[in-house]
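What follows is a set of notes on a single structure, which appears directly below.
The values are calculated or read from the model by the stated rules, or taken from the named source; none is laboratory data. Because the structure is a prediction, the values reported are computed rather than measured. Cβ coordinates were reconstructed from backbone atoms using ideal geometry, including for glycine residues, and neighbour counts include every protein chain displayed.
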Amino acid sequence: MSTGQKIVFYAPKDIRVEPTLPTPEPSMGEVLVRVEACAICGSDVKTYLNGNPRITPPRTMGHEFCGMAQAVGTGVASYKIGQRVTMATTMGCGNCPPCLAW
């Protein structure tokens, strides 16, 4: 099941509203967050206008969000289903696939 929509960056001044992907299952050590609100920040606006060498299209935009933990993967003890969470966008673990790809 999936709900909502996402904004996808394809190129400067080319963003598109698309349906979300099916809801994934969290892997070991991951938390699945149901996003309830997402902000558009200055870096999103700059990327829209001029692109960003660190952002390879297509890329879902909106990295400042809050929501609720919907599911937790094995090994996760510090988050509980139903817990309110927010994303700290400036702190990466440096080990997971998204951090390594960045």
- [ ] Check E25, E36 and return the single one that is assigned to a strand (DSSP E or B) and either charged (D, E, K, R) or touching a Cys at 6+ places or on another chain (Cβ under 9 Å) (or both).
- [x] E36
- [ ] Name the one entry in M87, M61, M91, M68 that is modelled with pLDDT of 95 or more and hydrophobic (A, V, I, L, M, F, W, C).
- [x] M68
Open item on the list: Only one of S43, S78 is assigned to a loop (DSSP other than H, G, I, E, B) and either touching a Lys or Arg at 6+ places or on another chain (Cβ under 7 Å) or without any contact (Cβ under 8 Å) to a residue 60 or more places away in the chain (or both). Can you tell me which?
Closed with: S78
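Matching residues to (1) at positive phi; (2) surrounded by 15 or more Cβ atoms within 10 Å (Cβ to Cβ); (3) of a type outside the set (D, E):
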| position | (1), (2), (3) |
| --- | --- |
| V17 | no, no, yes |
| R34 | no, no, yes |
| D44 | no, yes, no |
| T47 | no, yes, yes |
| E64 | no, yes, no |
